[in-house]
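A short reminder: the numbers here are calculations on the coordinates, not readings from a lab. All figures in this text were calculated on a predicted structure; none of them were measured in a lab. Counting neighbours? That spans all protein chains shown, and the Cβs are built from the backbone with ideal geometry, glycine included.
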Amino acid sequence: MVEIYRIESIASQEAGGGVVRRIMVRTDSLEKAKERALKVFSLARRPQSRDGEIESVRVLNGAGYEVFSISARD
């Protein structure tokens, strides 16, 4: 069954906090959404990224519940 997941990039507190970017992913498994979130996180943490200071990335399911997150502190 296909579900829509929301991947949100969260700024660090020093950069003002809050959601910087939101991506909607339509996939049939949570694992694929997690893979995409890990890719988003690794790209956002690069020095040449345009998003600035990204501290964490989280995945929310269609109901809005957080089902996965990764942080720079992990």
Coil-residue chymotrypsin sites (Phe, Trp or Tyr not before Pro) of the chain, DSSP, other Cβ within 10 Å capped at 12: TYR65
Calculated FRET value between VAL67 and ALA15, using beta carbons and R₀ = 25 Å, to 0.05: 0.50
Candidate values (i) 3, 14, 18, 15, 12, 10, 8, 7, 5, 3, 2, 1, 1, 0; (ii) 3, 17, 23, 22, 17, 10, 6, 2, 0; (iii) 3, 18, 28, 25, 14, 8, 2, 0, label of the one derived for P(r) over Cα pairs in 5 Å bins from 0, in percent: (iii)
